[in-house]
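Only one structure is covered here, and it is reproduced in the block below.
The values are calculated or read from the model by the stated rules, or taken from the named source; none is laboratory data. Remember, predicted model here, so these are calculated numbers, not experimental data. Cβ: placed from backbone, ideal geometry, glycine included. Neighbour counts: every protein chain shown.
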Amino acid sequence: MKEEAKKTDETTPLPERSDAEILELVKQGKLPPYMLEKTLGDMERAVRIRRLLLESNLARDGFNMQPLPFEQFDYSSVFGRCCENVIGYVPIPVGVAGPMLLNGENVHLPMATTEGCLVASTHRGCKAISVSGGATAVVTTNGMTRGPCVRMKSAKEAAQLKAWLEEPENFAQVKSDFDSTSRFARLRDIKVAIAGRNAYIRFRSSTGDAMGMNMLSKGTEKALAFIQQAFPDMLIVSLSGNYCTDKKPSSMNWIEGRGKSVVCEAIIKGDVVESVLKTTVRAMVELNTQKNLIGSAMAGSIGGFNAHAANIVTAIFIATGQDPAQNVESSNCLTIMEPTDDGNDLYISCTMPSIEVGTVGGGTHLPAQSACLDLLHVKGASEENPGRNAEKLAEVVCAGVLAGELSLMAALAAGHLTRSHMQLNRAK
Ligand code: ADP
């Protein structure tokens, strides 16, 4: 029997009113759509009503809304943290590449992508690495940065500020304020650049297992307040003055590093180059010089001395809840290939100065992303050695890139690239 619709009036609490009534309130401007979650206390219902609103707005302009999944998602892990005005989610397939023997452990790489061939190709690279005895990765520097812009009355005063910050006792005081903002923030150094009467102050700090942007912002704000006591005329133009540099190409990150600076290396046996990668050591080394070194130099590249680091970086970033926009600098990579063992084997290394990753914060707590971190044994904060999980993740990203470089370069050297893409990208 059809349940009779309950009559409601002005006094009926909003959660007890029907979807149609709530939608009407939103349309009349009596309830802002962003308040739906808080008002109804039911996240999925809030999403459903927001979709009804969108559908009705689209219909007004003569359009339909195509199906976008929205059910069976834990919106409580998103609300107030990861996304606003939520109307559903975009499912992205996750493939696994490996295992790859990295630093003596078997690693299974989760990769979220819709680019056919990418996982298969990386998997082939992992195999070549593992059967050759594995890869080694090491973090050489670790520090996230924030580079605010401050304005002084004159260039002379800007220079005084720079000299003041470079005095060890002043740095120590700034550091003490900076470090007081988090258990994990530890200011490493400050680099100052002057442009006219502007000063750009790049704070670099370790951030434990967090990628660290929020942590850096908090610490930088406190440090600037302290510096302002010594320089009362200093005007803080912006907490970020693009001297950080976040999510934009820059020589700064390439040269100075940002996040984790990592190097990964491996020796691939000559017979493995032939049996797994279907090419020769000589062809790989030659192609690396012509393409990744000379070709990128001719293109005036900054940090792009590689074949496709961004492919692997982004796929792992999406799978593990990183900020995918940081692939801009995180994909900086120099791939080196050299013949070794009298030319019989291939030495390969990937040098990546600015991998920005965390295992806490951002989207890392979301159930699917957290499952992918767990697959890598780097979920959450490292209890015994804070910061080690994030470093390990950076090493995995660099090693994944090395596997990807091996396989794509081999496909290009052997002339297989177009054929495999036609097979794996064009399936109906
Ligand atoms: P981000 O700085 O990357 O934007 P958040 O500030 O959102 O990240 O997340 C870091 C939060 O996690 C902080 O509140 C910090 O105190 C907490 N936290 C807990 N354990 C750790 C850890 N091992 N390393 C870093 N942060 C941690």
Qualifying position, being outside the structural domain of Ala414 (by the TED database), within 16 Å of the ligand (Cβ to nearest atom), at negative phi and surrounded by 16 or more Cβ atoms within 10 Å (Cβ to Cβ), among Met215, Met252, Met234: Met215
Per-region count, segment 320-353, residues of a type in the set (Val, Ile, Thr), surrounded by fewer than 23 Cβ atoms within 10 Å (Cβ to Cβ) and more than 27 Å from Val285 (Cβ to Cβ): 1
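Only one residue in Thr136, Thr141 is more than 30 Å from Thr279 (Cβ to Cβ) and outside any helix (DSSP H, G or I). Which one?
Among Thr136, Thr141, only Thr141 is more than 30 Å from Thr279 (Cβ to Cβ) and outside any helix (DSSP H, G or I).
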Matching residues in segment 218-231 - criterion: being surrounded by 19 or more Cβ atoms within 10 Å (Cβ to Cβ) and within 14 Å of the ligand (Cβ to nearest atom): Gly219, Thr220
Positions within segment 144-166 being in contact with a Cys (Cβ under 6 Å, 6 or more places away or on another chain) and assigned to a loop (DSSP other than H, G, I, E, B), in sequence order: Gly147
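For segment 26-56: of the residues being among the small types (Gly, Ala, Ser) and in contact (Cβ under 8 Å) with a residue 24 or more places away in the chain, which is surrounded by the fewest Cβ atoms within 10 Å (Cβ to Cβ)?
So the first thing to find is which residues in segment 26-56 are among the small types (Gly, Ala, Ser), and the list is 29, 41, 46, 56.
When the remaining residues are screened for being in contact (Cβ under 8 Å) with a residue 24 or more places away in the chain, the result is 41, 46, 56.
Values: Gly41: 11, Ala46: 22, Ser56: 13.
Looking at the filtered set, the residue picked out is Gly41.
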Helices (runs of 4 or more DSSP H) within segment 257-319 that include 1 or more residues within 18 Å of the chain's Cα centre (by Cα) and surrounded by 20 or more Cβ atoms within 10 Å (Cβ to Cβ): 309-319
Yes/no for Thr122 being under 30 Å from Met422 (Cα atoms), under 21 Å from the mean Cα position of the chain (by Cα) and modelled with pLDDT of 95 or more: yes
Of all residues in segment 367-388 being within 12 Å of the ligand (Cβ to nearest atom) and closer than 26 Å to Phe79 by Cα, the one that is surrounded by the most Cβ atoms within 10 Å (Cβ to Cβ): Val378
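Each row is one residue, and each column tells you yes or no for (1) of a type outside the set (A, V, I, L, M); (2) over 21 Å from Glu329 (Cα atoms).
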residue: Ala185; (1), (2): no, yes
residue: Arg197; (1), (2): yes, yes
residue: Tyr200; (1), (2): yes, no
residue: Arg204; (1), (2): yes, no
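Do we find that Val119 is β-branched (Val, Ile, Thr) and not assigned by the TED database to the domain that holds Ala403 in this structure? Break it down stepwise before answering.
Values: β-branched (Val, Ile, Thr): yes; not assigned by the TED database to the domain that holds Ala403: no.
No: the conditions fail for Val119.
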Filter result (in contact (Cβ under 8 Å) with a residue 60 or more places away in the chain and touching a strand residue (DSSP E or B) at 6+ places or on another chain (Cβ under 9 Å)) within segment 79-94: Ile92, Val94
